[in-house]
Amino acid sequence: MMGSGGNDMMGSGQFFSNPSTSQPRKSPTDQYELQEREKLRKEIGERRQELSDLYRSDKPDKALIDQKIAELDTLENAYDRSVSEAN
């Protein structure tokens, strides 16, 4: 008789993985690094928007633009390092 004993049509499910347990657990250090990386991504986005606003202003200030480019470069380098260290 099919389905008896609490088994479904595919069997007992012993060969199927549970999605919640198939992913390796992240350590607190990994979670912290992911949060830091996400903060860097957000800051990079904010700096890019600020840089874009500076470029679109009526009288673009070259000194401010250069400062934003330097800030953006520093943030992007930090992000790249964090990604490469995670691998």
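Read-outs: derived from the displayed coordinates by stated rules, not from any lab. These figures come from a predicted structure and were not determined experimentally. FYI the Cβ positions are ideal-geometry reconstructions off the backbone, even for glycines, and counts take in every protein chain you see.
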Original post:
Once phi is turned into ³J(HN,Hα) by the Karplus curve 6.51 cos²θ - 1.76 cosθ + 1.60 with θ = phi - 60°, what whole-Hz value does each residue of segment 52-65 show in order, with x for glycine and proline?
Top reply: 4, 4, 5, 5, 8, 5, 4, 10, x, 8, 4, 5, 5, 4
Original post:
For Gln67 and Glu33, FRET efficiency with R0 = 25 Å and r from the beta-carbon atoms, rounded to 0.05?
Top reply: 0.35
**OP:** Averaged over every viewing direction, what's the projected area of the C-alpha convex hull for segment 25-86? Give it in nm², one decimal, please.
**Re:** 4.3
Original post:
How much length is gained if the chain between Ser82 and Asp58 is pulled fully straight, taking 0.36 nm per residue apart and subtracting their Cα-Cα distance, in nm to one decimal?
Top reply: 5.0 nm
Subject >> Under 12 Å from Lys39, Cα to Cα: aspartates and glutamates that are on another chain or at least 8 residues apart >> reply: Glu76
